[in-house]
């Protein structure tokens, strides 16, 4: 946010902060969310690059298409997200990059 906009909001009595501040997340909780979102984004990108539909990925993972939608939103465990990425052919080094980027 631009400093000028921030100053106007604060002058009007608003508190300006981060999502982490607003939700009162610990650093570890915020990091976990960022990692999950990075993994989820990669699932969608990897699936798209392989020209796979969500239904095809669901069949590969032996799950449902709505579950794939949920994973692509990041609403899954890190284990589920990682297993899906491995099934899509994402290697260890790329997984490491994603985790590091989610910090």
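Couple of notes before you dig in:
- Helix axis angle, 27-49 relative to the chain longest principal axis, alpha carbon, degrees: 40 degrees
- Whole-percent pair-distance distribution, where bins are 5 Å wide, for the alpha carbons of segment 11-61: 4, 16, 16, 14, 11, 10, 12, 9, 4, 3, 1
- Cα convex hull volume per residue for segment 60-103 (Å³): 68 Å³
- Cα long-axis angle, helix 78-87 against the chain (0 to 90 degrees, to the nearest 10): 40 degrees
- Solution diffusion estimate, µm²/s, Stokes-Einstein, segment 26-101, Kirkwood Rh from C-alpha pairs, 20 °C, viscosity 1.002 mPa s: 174 µm²/s
No lab work stands behind these numbers, since they all come straight from the coordinates. As the structure is a computational prediction, the values presented were derived from the model and not from experiment.
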